[in-house]
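K.L.:
Sharing a structure here in structure tokens format.
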Amino acid sequence: MAVTKDDVLASLARVSCPDGTPLHKSGALSDVLATDGKGFFSITVDGAQVKAWEPVRKQAEEVVRAMPGVISAMVALTAERKGGGGAAPQRPSPASSGAAAPRPAPRGEGTIGVPGVESIIAVASGKGGVGKSTTAVNLALGLATLGLKVGVLDADIYGPSLPKLLAIKERPQTAGGTRLKPISRYGLTVMSIGFVVDEETPMIWRGPMVISALTQMLREVEWGTLDVMVVDMPPGTGDAQLTMAQQVPLKGAVIVSTPQDLALIDARRGIAMFRRVNVPVLGIVENMSYFQCPECGTRSDIFGHGGARHEAERLGVPFLGEVPLHMTIREKSDAGLPVVATEPDGPHAKAYCEIAARVRDQLKGTGRAAPKIVIER
Ligand SMILES: Nc1ncnc2c1ncn2[C@@H]1O[C@H](COP(=O)(O)OP(=O)(O)OP(=O)(O)O)[C@@H](O)[C@H]1O
Ligand SMILES: [Mg+2]
């Protein structure tokens, strides 16, 4: 029998808040979403009391997960900052984001990396739909062909792409307690919120919940030992992206842009965002750089090819390479058969592998230890 919201609320009567009030009567619960055997909700607490509430969060998750008919449960702590410092309630529009981004505090000392993970890099853009996720997956595969152990974290909580790009339907197994085992595909270790939440599930996440979900995916997943973790970022440069850039201990960022002026303006915003939070920009990839006719191979620069290379020079960041607009990349990508894995000897794989080699060299060049961050839970 399907688990309902009322069933979940009833089970939460067994969980007590730090002051002894039953959780379901505390007023701290968000709306409870119960769908297809999965339960999600957040507990809103005073930012100063996050530590005291963490056991409550854990217990709530365990209680819901133990309910008959429940397959998975995710409970996030939402720490409301006084003075309206919370993040945006919805996916920020890539087009409108950026200008209104809050001033971040630069990341400082006293922060922690992910144990076992040498370098975490973000693949980002200011604009949606420029091919970030496609680039992230193929870049990760390219890094793996260089002999590195590579993971991919899908940080696009609102619109996860990895289930589709890697044709992953299975659910991650638990590894005891609340930890999850990531999924392996084409030699990559991968994790996405899309593996635990169905595509149709309405995204009720608010900004702070997104951060909590992200930190859970970073820290409560058995990533093992990785040389590089590639993080596929959501589009835009709004509050949510900015906070992510601060919360994830990034060693660098790869910016994806198409050659058009408008996309380049957004790419510039992306670069500015990472610079503000002191994350080195490893370089720009020009995606959909030129059109290559699948029939005759003729190349046409329909978008004014080369814009990203010039922009990289202008901004003083490395140019990492270009990837053509090609039907094979789209078809393969959308079918969960990324070109680097499935056509490793083809020209597109070569382009991605060259980009990967430059990223690896840039990473060596940054010579920084993974910056450490304070995780707020
Ligand atoms: N070089 C390319 N040639 C042809 N199609 C491409 C190329 N790169 C990406 N695409 C296609 O463009 C679409 C958008 O790509 P993708 O999902 O990677 O973009 P994104 O920037 O991650 O989008 P979002 O902002 O929604 O996260 C997909 O259908 C993908 O297959
Ligand atoms: Mg994407």
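The values are calculated or read from the model by the stated rules, or taken from the named source; none is laboratory data. None of these values were measured; they are calculated from a predicted model. In this analysis, Cβ positions are derived from the backbone assuming ideal geometry, glycine residues included, and neighbour counts consider all displayed protein chains.
K.L.:
Starting from residues that are away from ligand 2 (no atom under 16 Å from the Cβ) and under 24 Å from the mean Cα position of the chain (by Cα), keep the ones in the stretch 313-324 and report whichever is surrounded by the most Cβ atoms within 10 Å (Cβ to Cβ).
P.N.:
LEU320
K.L.:
In addition: Identify the residue in the stretch 242-284 that is polar (S, T, N, Q) and more than 13 Å from ligand 1 (Cβ to nearest atom) and, among all such residues, is farthest from ALA140 (Cα to Cα).
P.N.:
Only one residue fits best here, namely GLN260.
K.L.:
Working only within the stretch 332-350, note down all residues that are under 23 Å from the mean Cα position of the chain (by Cα) and loosely packed, with under 15 Cβ neighbours inside 10 Å.
P.N.:
Residues satisfying the conditions are ASP334, ALA335.
K.L.:
Is the stretch 229-237 home to any residue that is at pLDDT 80 or above, buried (at least 19 other Cβ atoms within 10 Å of the Cβ), more than 16 Å from ligand 2 (Cβ to nearest atom) and within 13 Å of the chain's Cα centre (by Cα)?
P.N.:
Checked against the condition, which is being at pLDDT 80 or above, buried (at least 19 other Cβ atoms within 10 Å of the Cβ), more than 16 Å from ligand 2 (Cβ to nearest atom) and within 13 Å of the chain's Cα centre (by Cα), the stretch 229-237 yields at least one hit.
K.L.:
Yes or no: the stretch 282-294 includes at least one residue that is within 16 Å of ligand 2 (Cβ to nearest atom) and modelled with pLDDT of 90 or more.
P.N.:
Yes; the residues of the stretch 282-294 include at least one that is within 16 Å of ligand 2 (Cβ to nearest atom) and modelled with pLDDT of 90 or more.
K.L.:
OK, next. Taking the options ALA253, ALA263, ALA240, ALA245, name whichever one is at pLDDT 90 or above and at negative phi.
P.N.:
ALA253
This table checks each residue for (1) farther than 19 Å from LEU153 by Cα; (2) more than 14 Å from the chain's Cα centre (by Cα); (3) surrounded by 24 or more Cβ atoms within 10 Å (Cβ to Cβ).
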| position | (1), (2), (3) |
| --- | --- |
| GLN241 | no, no, yes |
| PRO249 | no, no, no |
| VAL254 | no, no, yes |
| ALA272 | yes, yes, no |
| ARG276 | yes, yes, no |
| LEU282 | no, yes, yes |
| SER289 | yes, yes, yes |
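K.L.:
Might you check whether a residue that is over 23 Å from ILE211 (Cβ atoms), assigned to a helix (DSSP H, G or I) and modelled with pLDDT of 80 or more occurs anywhere in the stretch 25-36?
P.N.:
Scanning the stretch 25-36, I find at least one residue that is over 23 Å from ILE211 (Cβ atoms), assigned to a helix (DSSP H, G or I) and modelled with pLDDT of 80 or more, so the answer is yes.
K.L.:
Is it true that GLY142 is at pLDDT 95 or above, surrounded by 24 or more Cβ atoms within 10 Å (Cβ to Cβ) and assigned to a strand (DSSP E or B)?
P.N.:
no
K.L.:
Can you tell me which residue in the stretch 109-129 is nearest to ligand 2 (Cβ to nearest atom), limited to those that are in contact with a helix residue (DSSP H, G or I) (Cβ under 6 Å, 6 or more places away or on another chain) and assigned to a loop (DSSP other than H, G, I, E, B)?
P.N.:
Result: SER125.
K.L.:
Against the definition (more than 10 Å from ligand 1 (Cβ to nearest atom) and not basic (Lys, Arg)), how does THR145 come out, yes or no?
P.N.:
yes
K.L.:
Being under 18 Å from the mean Cα position of the chain (by Cα) and at pLDDT below 85 is the filter here, so list the residues in the stretch 180-200 that pass it.
P.N.:
Within the stretch 180-200, VAL196, VAL197, ASP198, GLU199 meet the criteria.
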